[in-house]
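Comments concern the structure below.
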Amino acid sequence: MCEGCATERECCAWCCEKKEIVRTTQIATIENAKKRAEVEKLLGDLKERKKRTLTRKYETKELGAEEVIAVATVELEKQTMKEDAMMMGDY
């Protein structure tokens, strides 16, 4: 049985028994690539200094992809609020 059919039937591709499906390296690689793309997209919108800081922490594994995404999202919100305040003359 192929891996796609096994996943669809929620069983082992080798023995065809209902078992918990373990993530394969192929699935993990695809998920990591998607996270990496999301991280890079978010970092692209940040100011240069913050972008370099988060990139360094991500590459040295100090922060994981989920953590970088969370921090980048908060920073982008702050950045947007600050820009909006400047446009409104409140800053």
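Every number in this text was worked out from the coordinates using simple rules, so none of it is lab data. Quick caveat, the model's predicted, so the values are computed rather than measured. Cβ placement follows ideal geometry from the backbone for every residue including glycine, while neighbour counts extend to all protein chains displayed.
Return a single number: how many Lys pairs in the chain, at a sequence separation of 8 or more or on separate chains, have alpha-carbon atoms below 23 angstrom apart.
So the count of such lysine pairs works out to 28.
Rounded to the nearest Å, what's the spacing between the alpha carbon centres of region 28-55 and region 69-91? Just the number, please.
First find each Cα centre; the distance between them is then 19 Å.
Just the ratio, please: alpha-carbon radius of gyration of region 3-88 over 2.2 N^0.38 Å, N its number of residues.
Here the answer is 1.61, to two decimals.
Quick check for me: using +1 on Lys/Arg Cβ and -1 on Asp/Glu Cβ, what's the dipole size of the chain about its Cα centre, in debye to the nearest 20?
360 debye
So if R0 is 35 Å, what FRET efficiency would Cys16 and Glu66 give, r being the distance between their Cβ atoms, rounded to the nearest 0.05?
Step by step, r from the Cβ atoms, then E = 0.50.
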